[in-house]
Amino acid sequence: MRIVCFIIWFTIAGIFAGHSQQEGYRIEGERVIFTFDIRDYNILTRDSTGEKLNAGEIRIDNVSLSGEFNDWIMDDWELKQVSPYEYELTKDLKDFDSRVKWEFKYVVNHSFWAEPDTSFRNITESRKGNFWLDVYNLDFYPLTHNEHGNTTFYLSGHEKAKAVILTGSFNKWNEEALKMNRTDSGWKITLDLPPGDHSYKFIADGEWLHDPANPNKTHNEFGGYNSVVRVTTPITFELTSYPSAGEVVLAGTFNNWATHDLLMKRVDDTWKITVNLSGGKHHYKFIVDGKWITDPRNQVLEYDQFVHLNSVIMVK
């Protein structure tokens with residue numbers, strides 16, 4: 001079997017002009033095709049030193065995909081060259097469905113990071129090392145319809161619409177990826193979203209619409225509104241070693257430190273309560289017969305603005 005390899009030496013002049021920037025991937029059905037086009041990049045960073053070079057100065061022997069999904073290994077997921085300028089790698093979407101967003105980058109010759117610039121819509125600031133602080137990674141949003149997901153979006157009517165798209169903060173306001181399914185009375189899609197507040201809108205045949213059935217909304221930069229959905233996850237708090245207590249209450253930032261709302265129930269020798277929490281950091285304490293205590297099973301503690309020491313839980 002004969003293997004044909006392309007080895008291209010790019011000159012700066014003419015290569016980069018007039019080529020529209022891409023997002024670094026596209027989703028087709030149940031697959032994601034990661035795409036690298038040298039014409040989309042002007043700068044490469046040497047991993048070992050942080051030295052920045054013009055992309056046209058490097059002869060490309062290979063291109064690899066590196067990101068959070070493969071622990072940023074530089075030489076593992078190698079792309080196939082499909083044209084003088086373009087490389088591709090196909091993966092199953094199901095391999096990425098445990099998170100809403102993954103950061104990634106392309107690596108040239110196992111040594112140079114390809115630096116996306118601000119013409120890419122899906123960039124995020126890089127935090128790897130001192131000399132990466134002024135460059136970006138790419139964001140990959142693998143969200144697709146999931147009938148077992150935790151959040152269903154529904155838009156009634158619009159029977160004559162040819163297509164309705166869901167877009168929002170959970171996919172960087174992508175205008176194509178999340179196509180809603182037509183029903184007898186409207187359009188529907190179910191996603192599995194992480195805990196937190198998510199802004200969103202519908203796009204019906206190009207017209208942007210907030211959700212008329214959702215009163216929760218926020219102003220946007222265009223003088224209109226985005227709808228907002230809050231996704232929570234059940235978190236169980238437990239306190240042992242207080243079997244003789246008469247009353248135990250959970251209080252925290254998630255209920256404005258109310259002292260009577262979240263009464264815990266005793267199960268054998270353990271006090272328990274399950275609370276639906278949004279994403280992010282939450283401070284909390286237990287109130288045992290009027291006495292405030294931190295969680296003895298949680299070693300993560302933090303002072304608040306009033307110099308009170310609280311237990312801390314992170315919900316992701």
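Details
- Positive end of the dipole of the chain (Cβ unit charges, origin at the Cα centre): among THR144, TYR303, LEU277, the Cα lying farthest that way belongs to LEU277.
- Beta bridges from DSSP with both residues in the chain: antiparallel share about 100 percent, rounded to the nearest 5.
- Dipole of the chain [Lys/Arg +1, Asp/Glu -1 at C-beta], most positive-end residue of TYR25, ALA55, ALA251: ALA251
- GluC sites (Glu not before Pro) restricted to region 72-169 and DSSP loop, no more than 14 other C-beta within 10 Å: GLU147, GLU159
- Computed from the C-beta positions of MET314 and ASN62, the FRET efficiency with R₀ = 35 Å rounds to 0.35.
- Rounded to the nearest whole angstrom, the semi-axes of the ellipsoid equivalent to region 151-231, taken from the Cα gyration tensor as √(5λ), stand at 19, 14, 12, largest first.
- The chain - Rg over Rh from alpha carbon coordinates, Kirkwood radius: 1.07
- Net length gained if the chain between LYS217 and SER169 were fully extended (0.36 nm per residue, minus Cα distance): 16.0 nm
- Taking each residue as 0.36 nm, the span from HIS148 to THR259 lengthens on full extension beyond its C-alpha to C-alpha distance by 36.4 nm.
- Ranked by how many other beta carbons lie within 10 Å on average, peptides 247-255, 68-76 from highest: 247-255, 68-76
- Charging the Cβ of each Asp and Glu at -1 and of each Lys and Arg at +1, and nothing else, the dipole of the chain about its Cα centre rounds to 400 debye.
- Remark: relative contact order (region 194-245) = 39 percent; criterion is Cα-Cα distance under 8 angstrom and separation of 6 or more residues.
- Listed peptides 202-210, 214-222 by packing density, highest first (mean Cβ within 10 Å): 202-210, 214-222
- Helix-only mean residue ellipticity at 222 nm for the chain, each DSSP H run of n ≥ 4 adding -39500 (n - 2.57), per residue, nearest 500: 0 deg cm²/dmol
- Subtracting the Cα-Cα distance of GLU51 and ARG99 from their residue separation scaled by 0.36 nm leaves 14.0 nm.
- Candidates per trypsin sites (Lys or Arg not before Pro) in region 47-128, loop by DSSP, up to 11 other Cβ within 10 Å: ARG127
- Here is the size of region 233-315 from its Cα atoms: Rg then Dmax, 12.0, 36 Å.
Every number here is computed from the coordinates shown, using simple stated rules; none is lab data. Bear in mind the structure is a predicted one, so any value in this text is a computation, not a measurement. Virtual Cβ from ideal backbone geometry, glycine too; neighbours counted across all protein chains shown.
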